[in-house]
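Report on the following structure.
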Amino acid sequence: MCKTTAQADIVLLVDGSWSIGRLNFKTIRSFIGRMVGAFDIGPDRVQIGLAQYSGDPKTEWHLNTHRTRKELLDAVASLPYKGGNTLTGLALNYILQNNFKPNVGMRPNSRKIGVLVTDGKSQDDITVNSQNLRDQGIELYAIGVKNADENELRTIASDPDDIHMYNVADFSFLLDIVDDLTNNLCNSVKGPGITEPPTDLTTSEVTHYSFRATWVGPDDPVEKYRIEYVSTAGGEPQKLLVDGTVTTVVLERLTPLTEYIVKVHSVVGEDSSDPLKGSETTCKYAFTHNPLHTRTARANSSTIFTDVQLKKLRPNTAYSVSVFSLFGDYASDPLSDQGVTLPIPPSGELRITDITHSTMQLDWDDAPGAVRKYIITFKPDGGEAKEVRSILEDTTLLLENLEPDTLYDVSVTAIYPDESESEDLLGSQRTCKKPPNPNDTLFPSRISVDVIAVPRGDPRNLLVYDPTTSTLSVSWEHAEGPVLQYRIGYAPTTGDPIEEFVSGTSVPGNRNSVILQNLQPDTPYNINVEAIYQDGPGGRLSGDGKTLGLLEPRNLRVSDEWYTRFRVSWDPVPARVNGYNLVYTPVGTDNTMEVFVGDVTTHILHNLQPGTTYDLKVFAQYDAGVSGALVGQGTTLYLNVTDLNTYNIGYDSFCIRWTPHRAATSYRLKLNPFNRNQYCFDGLTPDALYNATVYTQTPNQEGPGVSVKERTCKSRLVKPTVPPTLPPTPPPPPTIPSALEGAKADLVFLIDGSWSIGDESFIKVRQFVFSMIGAFDVISRDGMQVSFVQYSDEAKTEFKLNTYHDKGMVLSALQMVKYRGGNTKTGVALKHIGEKVFTSDSGMRRNVPKVLVVVTDGRSQDEVKKNAAKLQHAGYSVFVVGVADVDTAELRNIGSKPSERHVFIVDDFDAFTKIQDNLITFICETATSTCPLIYLDGFTSPGFRMLEAFNITDKTFAGMNGVSMEPGSFNSYIAYRLHKDAFISQPTKEIHPDGLSPSYTLILLFRLLPDTGKDAFDIWQISNKNNNPEVGSISFYNKDTRGEIQRVSFDNDQVKKVFHGSFHKLHISVSPKNVKLNIDCQEVAEKEIKEAKNISTDGYEVLGKMATSGGSRKQSATFQLQMFDIVCSLGWTSRDKCCDIPAMVSRDCSSSSNDITHQHMFRILLVTSKLTHNIMSDYGLCIILCLYR
């Protein structure tokens, strides 16, 4: 226990990331429980809070939540496992901003301590945030496990590292450091400077079992010194207290040839100093004769037998004895054994007399030998035992304040000077009943009890229960009389007949249950329980039990099949296991693979071969071994084409065709003896046999080849072939005059298929969708992509966006969709769209407009608003068509804004033609826009999410080099630090495939850092294929239609604030006629420019590119970026109030300026040049950062 009256506020920060694992997290719970259990918890003592972190930190409980040690330990025992990424820097800042606060229990005069427990390297920066904690006077401890980065731990921990930093190789070693950590934490709670430590620790007089430690005391007097010493090989630390005037001590009873760590603390009252540390190694073992009596007898000329009698040992004590052979200064390895001394016989007779309702007199005979004292223990039936110490001269004692009419068990134990004990002298007697009238005089009867002969009895009703694979629980009813102990013997009944019980244990006489451990699984055992009395054994009770076998898991299931993976699940065994082994082998091979998945019942196998069946085996892993196998099979999806055939065979050519694969993004064609990438192969040899093979390809995988053989003709005559069977010709779509050519979007139809629709009306809905799809010019990967989803109780994707890239095939597939029926769960369907349909696996393309058309005929039976808002916030354009009796408010929640453009209502299923033209027109306008839709502050607007375009999001940034997550303009906001030379780039055709809008607004929320430097750089730049800049920020240039140079610069005082190290927000509005600059929602200036052409798309877009960067030099600056959006309009600046800037919030989001001065200048330059098209494209925009002193 940490004994102190000091106040401390301790916050534990626990890593709960996926790398920990559930089994290891249990060890962390035990570690935390032992650590916090040493403190006196309360509002005026120590308070402990806990936060768990992974991708995002979470407070499990605050400092003032648990006010007792029991409450705190219960909370630790039920601490949940979180899972996620390892973002330690974010978590350190989180506890500073959320846990070390007065409103959650932090006290002004308490010691502030933070304790971090982590198992891996942080995925973000920890230096600044750990220093911020220390700057606030918070003392930091860092405990690393397994894969932790020791340099990172040292950076986090306070000085000195040998007290505040721990790093262990495995979770199992955490419990080895908990005592030392708790001791250091206790000293931190008490506070520094109270007691000075001693100095100059030296050792001397080293022997094989002892050495002397000497030190110099501090200047101020101390009450005591506490000496702690422990073997470096491990073991229980030993402690020794000496008076404050003593500065030397001999440490005895040590192990030969062993290194010991010695710590000396100064002690004043309940406070102790930091330790003075040293080490010493004992000598090799030396043989001594003082306590021994030896006798040597020679048996013959070559053999000597030596007997040694060990004296002055403690009675009833187990000893380990080692014998060494000495050869000069060297000793052999020891020969070791163990022995137990006999107990001292009891001290005669115990007599119990003069019994009343509340007292009884004890008398006993003197024990043999030099007795130091007697200990008398008396215990009421069903109550707790109490202990009385007697002085040496007394062999009599009056027990008082006893309960009336109660049976008491009494024992007398003699204690000798070496702390050894005699056997207990036992007796029992019942007090008298209390008289009904308290005024009556009690006349105690003098009773003498002779306890020399104690009746012996048998235990009764043996019960064996709760079997596991390695344990059995045993209980029985007590035998009569004062039982000293119960002896339990057990042996397996299989194999040879039992002649004796090979294993056994014993428990005290007041216990009547035991758990037999380390048993063999699936084995019957015979068990007996024997009562042991003072004068010998009593009766014996026998019974049988059987351990559980190593049960195997059951009910193997395979699901979520894909081309390279599937999920394996099983039911757990009804017993405690260490985990499960999953073994999988492709059928017909010996390529066996194995994975230990821990204590879970499902696992996804990755990196499998497509179209392959695997033999699966699941084994349960027990302490006693491995169970039998649960056997099954799983098959990945077949990644190959079907119906491959040839046609149009000529003397030097032929063609091949096949049924498309739904997951294919390309095909690889192979022709033997030639390789070509064509559907029709020409230039072949006449009358030659060829083998054509087609391989299906996805972005990350290639399936097995499918082959067809064909022989070319002998002459120039074309071999007649049967023409291939074509799919049925679908009915022609109606001509829609307003349909626009060149539309490009990912279009999804979400159709209500509930019972209220009916078969006949569903056909009309299907024809409505048929007409709309037919109106689009091209269905292909470079034009419109279409998906169809039907929903009722759940949603089903009838075909994905990338399933068909031909209008005829899409329309044919649509005609095959069957009506489902069921309830109307529109909310579930909207969630399905966001999670399963608008995904890259389903064919969704980046920076292409996403359009959803919902058709429903009634109110949803679940909540739709939340899932609809997620789709709108993701920038999807949502149109909704309601039929007949619909909830208008619900439709408005589903559709994008404005509702007048996105919500349509018709009277019945025959009225779709009334809205069809307008709906197609609106979809085409969205699909032909240069800018996709994004969601900003409650508005849906055309534009670009530039951070997402560069893959800088909270879910993806960790996989990028040179990017870390940090707090933004407010602690609840996230910003990203782009480190020096990170050079984050993307191809222009991936972000702006159609260039930029003629008018747009750049929105940048960023912060320049002390190490940003003074060299010019572009926060954002578009370069052409020759690495010449075209577009950027924070200086602006382009080429007008005449190729003349024009410059625009903004040099006034308002731009100086950008260089002051705070977050600032820029709006740069660009139109064909002018450029306008706003800083923190305050207009700076507006300059005229000339009309420019669009950008080229054959280059790259870069963040933070240095002006000097070029060629092979990829240099970029460091800065923080919280927001980067492009809105394809000029009106957004008037909507934005800059409420994400702290200075603006403090003024109720007003736009008043600050009077800030600094010797920097911010310039925006508009530059055009007459460079040729080989050097620069027709349009360029770049932002140049200029610093001036």
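In segment 152-256, counting only strands (runs of 3 or more DSSP E) that sit wholly within it, the ones holding 2 or more residues that are touching an Asp or Glu at 6+ places or on another chain (Cβ under 6 Å) and either surrounded by fewer than 19 Cβ atoms within 10 Å (Cβ to Cβ) or touching a residue at least 60 places away in the same chain (Cβ under 8 Å) (or both) span 211-216.
Of the strands (runs of 3 or more DSSP E) lying entirely inside segment 918-1030, those carrying at least 1 residues that are surrounded by fewer than 21 Cβ atoms within 10 Å (Cβ to Cβ) are 933-936, 939-945, 963-967, 974-978, 984-987, 1000-1007.
Is it the case that LEU1171 is open to solvent by 70 Å² or more (accessible area, probe 1.4 Å) and either among the charged types (D, E, K, R) or modelled with pLDDT of 50 or more (or both)? No, not satisfied.
When you look at SER559, is it loosely packed, with under 13 Cβ neighbours inside 10 Å, under 28 Å from the mean Cα position of the chain (by Cα) and farther than 21 Å from GLN621 by Cα, yes or no? When the stated conditions are applied, SER559 passes them.
If the condition is being among the acidic types (Asp, Glu) and within 11 Å of LYS373 (Cβ to Cβ), then segment 398-419 contributes only GLU419. For VAL464, state whether it is modelled with pLDDT of 85 or more, in a strand (DSSP E or B), among the aliphatic types (A, V, I, L, M) and surrounded by fewer than 19 Cβ atoms within 10 Å (Cβ to Cβ). Spelling it out, VAL464 is indeed modelled with pLDDT of 85 or more, in a strand (DSSP E or B), among the aliphatic types (A, V, I, L, M) and surrounded by fewer than 19 Cβ atoms within 10 Å (Cβ to Cβ). Which of the residues belonging to segment 200-235 are among the basic types (Lys, Arg) and either over 21 Å from LEU257 (Cβ atoms) or in contact with a helix residue (DSSP H, G or I) (Cβ under 6 Å, 6 or more places away or on another chain) (or both)? Of everything in segment 200-235, those that are among the basic types (Lys, Arg) and either over 21 Å from LEU257 (Cβ atoms) or in contact with a helix residue (DSSP H, G or I) (Cβ under 6 Å, 6 or more places away or on another chain) (or both) turn out to be LYS224, ARG226. So, ILE95, is that one of a type in the set (Val, Ile, Thr), at pLDDT 90 or above and assigned to a helix (DSSP H, G or I) or not? Judged against the criteria, ILE95 is a match. For segment 36-85, how many residues are touching a strand residue (DSSP E or B) at 6+ places or on another chain (Cβ under 9 Å), closer than 17 Å to GLY21 by Cα and open to solvent by 10 Å² or more (accessible area, probe 1.4 Å)? Count: 4. In the set VAL577, VAL529, only one residue is under 25 Å from SER470 (Cα atoms) and touching a residue at least 60 places away in the same chain (Cβ under 8 Å); that residue is VAL529.
I need a count of the residues in segment 894-913 that are in contact with an Asp or Glu (Cβ under 9 Å, 6 or more places away or on another chain) and either more than 21 Å from GLY758 (Cβ to Cβ) or basic (Lys, Arg) (or both). So the count comes out to 0.
Residues considered: ASP857, ASP841. Of these, the only one that is surrounded by 15 or more Cβ atoms within 10 Å (Cβ to Cβ), more than 20 Å from ILE773 (Cβ to Cβ) and of a type in the set (Asp, Glu) is ASP857. All of PHE39, PHE25, PHE31 fail the test of being aromatic (Phe, Trp, Tyr) and either within 11 Å of the chain's Cα centre (by Cα) or farther than 18 Å from GLY114 by Cβ (or both), apart from PHE25. Within segment 85-142, the set of residues being touching a residue at least 24 places away in the same chain (Cβ under 8 Å), of a type in the set (D, E, K, R) and closer than 16 Å to ASN971 by Cα comprises ASP124, ASP125. Across segment 894-905, the qualifying residues are those that are surrounded by fewer than 20 Cβ atoms within 10 Å (Cβ to Cβ) and not basic (Lys, Arg), and the one among them that is modelled with the highest pLDDT is ILE905.
Among strands (runs of 3 or more DSSP E) entirely within segment 295-412, having at least 1 residues that are closer than 30 Å to PRO435 by Cα and modelled with pLDDT of 75 or more singles out 350-353, 360-364, 373-380, 386-390, 396-399. Taking the criterion of being more than 13 Å from GLY244 (Cβ to Cβ) and under 44 Å from the mean Cα position of the chain (by Cα), the residues of segment 198-230 that qualify are GLU228, TYR229, VAL230. Would you confirm whether any residue within segment 71-91 is among the polar types (S, T, N, Q) and within 27 Å of ASP159 (Cα to Cα)? Yes, segment 71-91 contains at least one residue that is among the polar types (S, T, N, Q) and within 27 Å of ASP159 (Cα to Cα).
Filtered by the rule that a residue be of a type in the set (A, V, I, L, M, F, W, C) and within 47 Å of the chain's Cα centre (by Cα), segment 231-267 gives ALA233, LEU240, LEU241, LEU251, LEU254, LEU257, ILE261, VAL262, VAL264, VAL267. Using the structure shown, decide if LYS866 is among the charged types (D, E, K, R) and surrounded by 21 or more Cβ atoms within 10 Å (Cβ to Cβ). No, not satisfied.
Within this structure, SER756 passes the test of being among the hydroxyl-bearing types (Ser, Thr, Tyr) and either surrounded by fewer than 21 Cβ atoms within 10 Å (Cβ to Cβ) or without any contact (Cβ under 8 Å) to a residue 40 or more places away in the chain (or both). Scanning segment 685-719 for residues that are touching a strand residue (DSSP E or B) at 6+ places or on another chain (Cβ under 9 Å), under 14 Å from CYS655 (Cβ atoms) and modelled with pLDDT under 75 yields one hit, LYS719. Residues that are more than 44 Å from the chain's Cα centre (by Cα) and modelled with pLDDT of 90 or more number at least 2 in the following strands (runs of 3 or more DSSP E) confined to segment 503-547: 524-533, 536-546. Hey, can you tell me all the residues within segment 811-827 that are under 18 Å from GLY895 (Cβ atoms) and open to solvent by 10 Å² or more (accessible area, probe 1.4 Å)? Correct list: THR824 only.
Here's the yes/no breakdown for (1) over 16 Å from SER172 (Cα atoms); (2) touching a Phe, Trp or Tyr at 6+ places or on another chain (Cβ under 6 Å); (3) among the β-branched types (Val, Ile, Thr):
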| residue | (1), (2), (3) |
| --- | --- |
| VAL11 | yes, no, yes |
| ARG22 | no, yes, no |
| GLN52 | yes, no, no |
| LYS58 | yes, no, no |
| ASN64 | yes, no, no |
| THR68 | yes, no, yes |
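Of all residues in segment 955-992, those satisfying the criterion of being modelled with pLDDT of 85 or more and of a type in the set (D, E, K, R) are GLU966, ARG977, LYS980, ASP981. Pairs are defined by a Cβ separation below 6 Å, a sequence spacing of at least 6 or placement on different chains, a first member in segment 802-819 that is within 16 Å of VAL789 (Cα to Cα), and a second member that is surrounded by fewer than 17 Cβ atoms within 10 Å (Cβ to Cβ) and among the charged types (D, E, K, R); the pairs so defined are THR803/ARG662; TYR819/ASP759. Taking segment 176-198 as the range and being touching a Lys or Arg at 6+ places or on another chain (Cβ under 9 Å) and at pLDDT below 85 as the test, the residues that pass are LYS190, GLY191.
The values are calculated or read from the model by the stated rules, or taken from the named source; none is laboratory data. A quick note: this is a predicted structure, and the numbers were derived from the prediction, not measured. For neighbour counting, all protein chains shown are included, and Cβ atoms are generated from backbone atoms with ideal geometry for every residue, glycine included. Each accessible area value is taken on the protein alone, full model and side chains, heavy atoms only, with ligands, DNA and RNA left out. Shrake-Rupley method; radii C 1.70, N 1.55, O 1.52, S 1.80 Å.
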